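In what follows, a structure is listed as structure tokens, so that the remarks can point back to it.
Values in this text are rule-based calculations from the coordinates and carry no lab data. What you see is a predicted model, and the numbers here were worked out from it, not measured in a lab. All Cβ positions, even for glycine, are placed from backbone atoms using ideal geometry, and neighbour counts span all protein chains on display.
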Amino acid sequence: MARLTERQETIMALVAREYVATGMPVGSQRLIRQYDLGVSAATVRSEMAQLESMGYLAHPHTSAGRMPTEQGYRYFVAHLMREAELPLDEQRLIRHQFHQANTELRQWLKLGAAVLAHMSQLASLVTAPKAQQCCFKHLELVSVRDGVVLLVVVLSEDLVRQRYLSLPDPYLSRDELIQSATLLSNLWENKISSEIAATSFQAPGGKLARQIQSVVIDIMKSVDQRTTSEIYRDGMLQVLQNPEFSSSESLRQIMTLVEERQLLEAVLGEAMAGGEIQVIIGGEGRWPELSDLSIVIAPYGYGDDLMRSGVMGIIGPMRMPYQRNISTVRFVSDLMTMLLGDLYGHS
């Protein structure tokens, strides 16, 4: 985006702030009345017309005023928005809420989503922290019928996966199944998939162990490939009260983002890869399914490599208070990073 003149930037910033606050297109007379711009209304109209021709403002047919375009919002966020922090009283309130909650990760995640939704009055999401590679905890073998067992695999982050197996020996007793499950659980405890793959088994009993080993490795690799883990959401009812979601297309877009895991993981993967707070406006040309939405997202986690990390963010229409939402997401993500460090003993 080409840089605007100082006067154009002033007018662009005022139009964006006024439109976000009121939802009404902004006219030159309104700017002249409310702000000391030091120029005539004709000059302001001329500059607004120029901003429209450059693609930063749009002119609704039913109004004499103008509103930011997708490109205008991007310019506003990138060049015109000042860095800000949440007011101290709000920071203290949020900290108090987290310290009042039980020291249980799930409670923090639910509270994080609730805080983001309440502070923004939009939709929010928080993903559970995920290690780059999951660890094996234990397994169980449950007899279903002759020759068939249910393999229950428990991994780190309390993930549970199940698979049915046809036994190489259909006459294995319940005690033999328990003995095999205990042996493998002790052997693989706290190991990652590559370490489990390095173990070898000889007869007798090696055929069942190798079969279970293959399935466990497949399960763990599938978990490792996922961008996100469990997702906590809040604020869907309140975000839909925004007038922008009165159209069926905008409503479809936000429901698609929230419900379609593949699209959501692609978007959240951007935050994980970027390693800092990001603002996605109108799909950024990569996701046409999000052309009416804006998303403020940030990773949280501990360590320089964010070995145990998740993502949190706010979802709403392009007409949102970006400065406040960015400040909110940044504060809550920093707080969650600190809490995770305390929980897992990382300084």
Task: Extension reserve of the THR199-LEU183 stretch, reckoned as 0.36 nm per residue once the Cα distance is removed - done: 4.5 nm
- [ ] Would you mind giving the average projected area, over all directions, of the Cα convex hull of region 136-225 in nm² with one decimal?
- [x] 5.3 nm²
- [ ] Please determine, in degrees from 0 to 90 and to the nearest 10, the orientation of helix 206-225 with respect to the longest principal axis defined by the Cα atoms of the chain, where the helix direction is its Cα long axis.
- [x] 10 degrees
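Arrange the following residues from fewest to most other Cβ atoms within 10 Å of their Cβ: PHE331, PHE201. Let's see the in-between values first.
On the way: PHE331 20, PHE201 17.
Least crowded to most crowded, the residues run PHE201, PHE331.
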Open item on the list: Starting from 0.36 nm per residue, how many nanometres of slack lie between SER53 and HIS138 once their C-alpha separation is accounted for?
Closed with: 24.3 nm
Open item on the list: How tilted is helix 105-120 with respect to the longest principal axis of the chain? Cα atoms for both, answer in degrees (0 to 90, nearest 10).
Closed with: 10 degrees
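Can you work out D for region 2-93 in µm² s⁻¹ from Stokes-Einstein, where Rh is the Kirkwood radius over C-alpha pairs, the temperature is 20 °C and the viscosity is 1.002 mPa s? Mind showing how you got there, number by number?
Details: Rh = 13.9 Å.
The Stokes-Einstein estimate is 154 µm²/s.
Given the C-alpha atoms of the chain, compute the convex hull and give its volume per residue in Å³. Provide the component values of the computation, followed by the final result.
Details: hull volume 58.8 nm³, N = 347.
Taking only Cα atoms, the chain has a hull volume of 170 Å³ per residue.
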Task: Folded to 0 to 90 degrees: helix 174-188 orientation relative to the chain principal axis, Cα - done: 50 degrees
